[in-house]
Amino acid sequence: MMERRRLLLMRHGAVDYFDPHGRPYPPDDVPLTPAGVEQAQAMGKAIGAASVRIDRAVTSGLLRTRQTAQHVLAAAGATPPFEHWPELQEIRPGHLPSISDADLREAFIGAFEGPVPRETRFLHGETIGALLDRTLPALQQLLAAEDWDTSLMVLHGGVNRGLLSWFLTGQPVFLGGLAQDTGCLNIIDVGPGPSSSVVRVVNFCALDTLQTTTRLSTMEHLLEKYLKLRQQRGDLGEFA
């Protein structure tokens, strides 16, 4: 079994929710904009330049995640098995009204604010807790497989936040304040097996690859802030 593997957890590139006539696209068929294509290609070029060998690629199966993955892999010069896992979908019918959900907006406005309540309703009536319960087993299934060393997962912002929160805390929580720009890539080094632990989490944004100066920003401080917040609330003892 491999000692360490790498998960490239990416949010799809910029999308267009409305067609040229102003009508909303069906949730499954929201396409990338030219900017979204550029972001995906920029990320793929960055991955290719780093000589990263991608062994496996997983998307939620929706058009925007498939298109992003295709452009990333093409630009990276990678040809791994390409899989679509519907259980990792975030978008449901009624998504457009849900993006103005007041509870959800409040959870992400401003600086880091700790975990979002599991009962927060999101995505046409689905709660954050239900989203986590539905998607985390798929992540655990992927981590339990031993046939890959580096895997690319292209999903949605909410699912990415849920999976990243799980990595950062080791429990099914949904953290507020996690940046998820379009084309955002979280590089996660994990140990072997289904009970993998995070070694390193780095946030790498495609928007930065399109600038003259590329910057990398670590997200490990989010875990520290989360633990301190819990300690202040009295529900966590001393920690290193």
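The values are calculated or read from the model by the stated rules, or taken from the named source; none is laboratory data. Model, not experiment: these values are computed from the prediction. Here the Cβ positions follow ideal geometry from the backbone for every residue, glycine too, while neighbour counts run over all protein chains shown. Just so you know, the surface numbers come from the protein's heavy atoms only, side chains and all, with ligands and any DNA or RNA stripped out. Shrake-Rupley method; radii C 1.70, N 1.55, O 1.52, S 1.80 Å.
Ordering Glu119, Glu90 by accessible surface, largest first, gives Glu119, Glu90; the 1.4 Å probe counts only protein heavy atoms, with every chain in place. Protection proxy ranking for 53-59, 36-42, using the average of other Cβ atoms within 10 Å per residue and placing the highest first: 36-42, 53-59.
State whether the stretch 1-79 is rounded, prolate or oblate according to the following rule on the C-alpha gyration tensor (a ≥ b ≥ c being the square roots of its eigenvalues): a/c under 1.5 gives rounded; otherwise a/b larger than b/c gives prolate, and the remaining case gives oblate. Note, shape of the stretch 1-79 comes out prolate. Ordering of 128-138, 146-156 by packing is 146-156, 128-138, highest average first (other Cβ atoms within 10 Å, averaged per residue). All other residues whose Cβ lies under 15 angstrom from that of Glu83 are scored, Lys and Arg at +1 and Asp and Glu at -1, for a net of -1.
By a 1.4 Å probe calculation restricted to protein chains, Val52 has an accessible surface near 40 Å², given to the nearest 10.
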